[in-house]
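Everything on this sheet refers to the single structure shown next.
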Amino acid sequence: MERTLVILKPAALQRELVGEILSRFERKGLYFVGMKMMQLNDALLNEHYGHLKEKSFFGDVKAAMSASPVIVLCLEGVEAVRVVRAMAGVTNGRNAEPGTIRGDYSMSVEQNVIHASDSIETAEVEIKRFFKEEELFDSKRVGGSFYYAKYE
Ligand code: IDP
Ligand code: MG
């Protein structure tokens, strides 16, 4: 199985879309193997968005990504990188297909609500960038009841 990295951007938190976005991944059948809230700093953003450093909007993107905390997720599943990228939709929310996350929740190229790794190689680098080994968990389901205690 593959693992991929997703970031719920400040727009997702400020617009209170976190639950809806998480539930899409959960219902799709992706396993949550890592999840945490963090404040992104300039050093991390220079690394994460290094491919954009010559772009005129680089500073704006970094400002948008550090405007509030974000939630980083590591999702696992067969072909998870491709599947999650398809669920995200194309970069510009105005062009993203309805039914995708960006297509349903964004009207902007910058404020496009989530980040998703774009290839298996990138995903490996990005997961290491945001998660320590001990912050990632086994996706294997455990036995027993999670509805009642034994004595009820
Ligand atoms: P991606 O997020 O779809 O992989 P990238 O080209 O890697 O797209 O760009 C990273 C992020 O930079 C985008 O998600 C978006 O927030 C922002 N961005 C990309 N292109 C533009 C642009 O033309 N104007 C403003 N922001 C942009
Ligand atoms: Mg990208």
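For beta carbons closer than 9 Å, sequence separation of 6+ or different chains, a first residue in region 35-55 that is in contact (Cβ under 8 Å) with a residue 60 or more places away in the chain and a second that is of a type in the set (Asp, Glu), the qualifying pairs are 36/135; 48/126.
Here residue 104 meets each of (1) of a type in the set (Asp, Glu); (2) surrounded by 16 or more Cβ atoms within 10 Å (Cβ to Cβ); (3) under 15 Å from the mean Cα position of the chain (by Cα) with one exception, condition (3). Here is the figure for region 82-112: residues that are within 12 Å of ligand 1 (Cβ to nearest atom), of a type outside the set (D, E, K, R) and under 17 Å from residue 126 (Cβ atoms) total 4.
If you go through region 72-83 one residue at a time, do you hit one that is farther than 16 Å from residue 48 by Cβ, within 15 Å of ligand 2 (Cβ to nearest atom) and among the small types (Gly, Ala, Ser)? No; the residues of region 72-83 include none that is farther than 16 Å from residue 48 by Cβ, within 15 Å of ligand 2 (Cβ to nearest atom) and among the small types (Gly, Ala, Ser). For region 106-152, a residue qualifies if it is assigned to a loop (DSSP other than H, G, I, E, B) and of a type in the set (A, V, I, L, M), and the qualifying residues are 107, 109, 113, 136, 142, 149.
Every read-out reported here was derived from the displayed coordinates using simple, explicitly stated rules and does not represent laboratory data. Source: prediction; values computed, not measured. Neighbour counts are summed over all protein chains in view; Cβ atoms, including those assigned to glycine, are modelled from backbone coordinates with ideal geometry.
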